[in-house]
1. Based on the alpha-carbon gyration tensor of the stretch 375-436 and its eigenvalue square roots a ≥ b ≥ c, which shape applies: rounded if a/c is under 1.5, prolate if not and a/b is larger than b/c, or oblate?
2. For the chain, what does the relative contact order come out to in percent, with C-alpha contacts under 8 Å and a separation of six or more?
3. Which of Ser84, Phe252, Val221 sits closest to the plus end of the dipole of the stretch 62-327, meaning its Cα is farthest towards the positive end, when Lys and Arg get +1 and Asp and Glu get -1 on the C-beta?
4. Local charge sum around Leu222 (other residues, Cβ-Cβ under 9 Å, Lys/Arg +1, Asp/Glu -1)?
5. Residues with amide H under 5 Å of Thr108's amide H, sequence separation 5 or more or different chain, H placed in the peptide plane at 1.01 Å from N; which?
6. Quick one: Cα centre-to-centre distance for the stretch 42-58 and the stretch 297-328, in angstrom?
7. For a quick check of your reading of the filter: which trypsin sites (Lys or Arg not before Pro) in the stretch 273-323 sit in a DSSP loop and have no more than 10 other Cβ atoms within 10 Å?
8. Between their Cα atoms, which of Lys200/Lys290; Lys123/Lys258; Lys123/Lys238 are more than 22 Å away from each other?
Amino acid sequence: MSNYSEISKTYNLHSWSAQRGLKPAVITKAEGIYFWDEDGNKYYDMSSQLVNSNLGHGNRALIDAIKAQVESLAFIGPGYAVESRALAAQKLVEFAGPAFAGGKVFFTNAGAEANENALKIAKQYTGRWKFLSMYRSYHGSSFGAAELTGEPRRFTCEPGVPGFYHFEGPYPYRAPDQVSFKDEADITRYYLDRLEDTIKREGTDLIAGIFCETIVGSNGVLIPPKGYLAGVKKLCEKYGILLVLDEVMAGFYRAGTKFAFHQFDVEPDIVTFAKGSTCGYVPLGGVLVKKAIADYFEDNKMWNGLTYSAHPVGCAAAVAAVDEYERLGVPANVEKVGAVLGRILGALTEKHACIGQARHIGLFAQVELVKDRATKEPLSAAEIAAVIGGLKNKGFATYANENGIMVAPPLIITEDELTTAMAIFDDVLGQVDAGL
């Protein structure tokens, strides 16, 4: 047994954690939807790491594309044209569909940087300085992205950059007790009314952009009700505001389509992306802008720049990833296996008293665990940690945020693999029920 865990603990600061009690597992191998630790324990990667390993581990096409790019041209500054840089931009603008015809992309290194640069682009284009984003959102942990974020991970960046304000996005399961909804249209109207009220209070001529995760990710896999995003866009058009959709987690077939917004009858002005563009093999993110914004910068200097913007290796991986999604039949697999996941989650909800609500779209799900369905009291942090530990001990690796357990396996998972993994989930939830 190696001492890499102790070395890692001694010299690395590990994310989102008090360091003293950590015992990081040493991972030595990963293939497909699995990874192994140095003791030979095998894990189903049921969160795709951080919902970014969409094509699984060990994909040969991505590996070969990265190797070939490193061998031919490992790096050249972003001011030069490079084959992988040109092709990645072309492929991703086309990937975004007709709404982005004539648009362009500004490449970054990750999702937080994508959102930071979307903020700057929106400010330059509109001449305005305020931004609205949802509570229960996550847009990154750098200062601007953290100010957009609507949950506790932003607190260490406060007081921060001025101009950021939050509104309540759709979360009918946790709506106030005094509020009741007749149907989905009622939910949409209620939350759009609240948003418009916020717009008016913050100054209709001051707001540059409204940022939304197309599907709220780590904070619940909250799927917008029918008509909501189209309604947000209509409000943006009414008041001259840009709609920025954060697809860092939901994009690249995670929700079943190329970008999740393709399912919601909405055309955003800007889309940010990252994770699934390279599936974690190397870092890459980006900002897609519509033609009108791209045209603005034809004659107006764009004050955005990064040393590693459009890194040739990241771009080569993105080109390979887009091709692999199609070659491997990922869209059809997500449709097929995603339906199986929906049926399994429905059965588990019927069976287990600890499930308050299970939400899913494509291969993107979160299971909200509660002590009591009537009161919706969430499991405590310690209880959720025990659930995550119990799952991992049985070979089901994932993470939680508050009382929600993420279920988002690689998009190449088979029906048999999913069924076997979810049997582990079923077993651990049975133990949670017994504890209640």
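Throughout, read-outs are computed from the coordinates displayed, never taken from laboratory work. As the structure is a computational prediction, the values presented were derived from the model and not from experiment. So basically every Cβ, Gly included, is an ideal-geometry build from the backbone, and we count neighbours across all protein chains shown.
1. Prolate, since a/c reaches 1.5 and a/b exceeds b/c.
2. 21
3. Val221
4. That sum, taken over residues with Cβ under 9 Å, equals +1.
5. Here Gly285, Gly286, Val287, Ala310 satisfy the definition.
6. The stretch 42-58 and the stretch 297-328 have Cα centres spaced 23 Å from each other.
7. Lys301
8. Lys200/Lys290; Lys123/Lys258, as the Cα separations exceed 22 Å there.
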